[in-house]
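Trainee: My structure is below; once you've seen it, I'll send some questions.
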Amino acid sequence: MTRDLQQQAKRPVSAMLAGPYGHPFHPILVTVPIGAWVASLVFDVASHLVDDPDFLARGARWLIAVGVIGALAAALVGVLDLLAIPTGTRAFRVALVHMTLNLLVTVAYAGNFLWRQAGGEPSGSVGTGQLAFGAVSLAVLGVSGYLGGKLAYHYGVRVSDEATQAEGFVSVQRRPGRTG
C-alpha cells in the first residue's frame, strides 16, 4: 500500500500543466517570487545606505509585484502537484502546511505592495515597518521552502522513482582508448 501511495505522489495530475514525470514545473516557477522578494529586501536595506534612495524604493516595490505574480503562477501549478499526493499521508500534511504558508506570504507581500502604493511615489528610503514586514515575510517563506524541499527530497513528491534514480549511480564501462 505504501509503495502505491509513493508512486501516486510522483505522477502528475496533468503532465502538460504540471510538468512531465520527474521534472515538475512548480520548483522552476518558485524561483521567480523567491528571487524577486530576496532582491526587494536587498533593495530595501540598500535604500538606507545611499544618498538617493528613491530608485531603490521604487525598484523594491516593483520586485514585490513581480514576486506576487510569480507566486500566483507557482501556486496554480503547485495545486496540481498537491492533487497527486494521497490524502491522509505525512506528505499531504506537509504539503498543506507548505501551501498555507506560501499563501500567507503571498498575501503579505501583496499587502506590502499596496501599502507602498498608497504612499505614492517613494521619497526617501523604505519605511522601517515595510522593511521589517518584508523581512518577516521572507523568513516565513524560508520555512515554507524548507517544507517544499522536504516534499521533493524526502518524500519524493513528483520526482523520479527509486529505480530510475538508481540508474544514475550505475557504473558506466569505459571503452578502451577513451578518456573522460
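Trainee: Within the range 80-119, track down each residue that is hydroxyl-bearing (Ser, Thr, Tyr) and either outside any helix (DSSP H, G or I) or surrounded by 14 or more Cβ atoms within 10 Å (Cβ to Cβ) (or both).
Mentor: Thr87, Thr89, Thr106, Tyr109
Trainee: Oh, and also: Search the range 120-144 for residues being open to solvent by 60 Å² or more (accessible area, probe 1.4 Å) and among the polar types (S, T, N, Q), and hand back the single one that is farthest from Leu56 (Cα to Cα).
Mentor: Taking the candidates together, the pick is Thr128.
Trainee: Now for a different question. Does any residue of the range 112-120 turn out to be touching a residue at least 60 places away in the same chain (Cβ under 8 Å) and of a type in the set (D, E, K, R)?
Mentor: Scanning the range 112-120, I find no residue that is touching a residue at least 60 places away in the same chain (Cβ under 8 Å) and of a type in the set (D, E, K, R), so the answer is no.
Trainee: Filter the range 145-174 for residues that are modelled with pLDDT under 65 and surrounded by 14 or more Cβ atoms within 10 Å (Cβ to Cβ); which is nearest to the chain's Cα centre (by Cα)?
Mentor: In this case the residue turns out to be Ser160.
Trainee: Find the residue count for the range 121-147, including only residues that are touching a residue at least 60 places away in the same chain (Cβ under 8 Å) and assigned to a loop (DSSP other than H, G, I, E, B).
Mentor: Qualifying residue count for the region: 6.
Trainee: Given the structure, is Ile34 farther than 17 Å from Ser144 by Cα, at pLDDT 95 or above, open to solvent by 70 Å² or more (accessible area, probe 1.4 Å) and part of a helix (DSSP H, G or I)?
Mentor: no
The values are calculated or read from the model by the stated rules, or taken from the named source; none is laboratory data. The structure presented is a predicted model; accordingly, all values stated were derived computationally and were not measured. Every residue, glycine among them, receives a Cβ derived from its backbone with ideal geometry; neighbour counts consider all protein chains shown. Note: areas computed on protein heavy atoms with side chains; ligands, DNA, RNA excluded. Shrake-Rupley method; radii C 1.70, N 1.55, O 1.52, S 1.80 Å.
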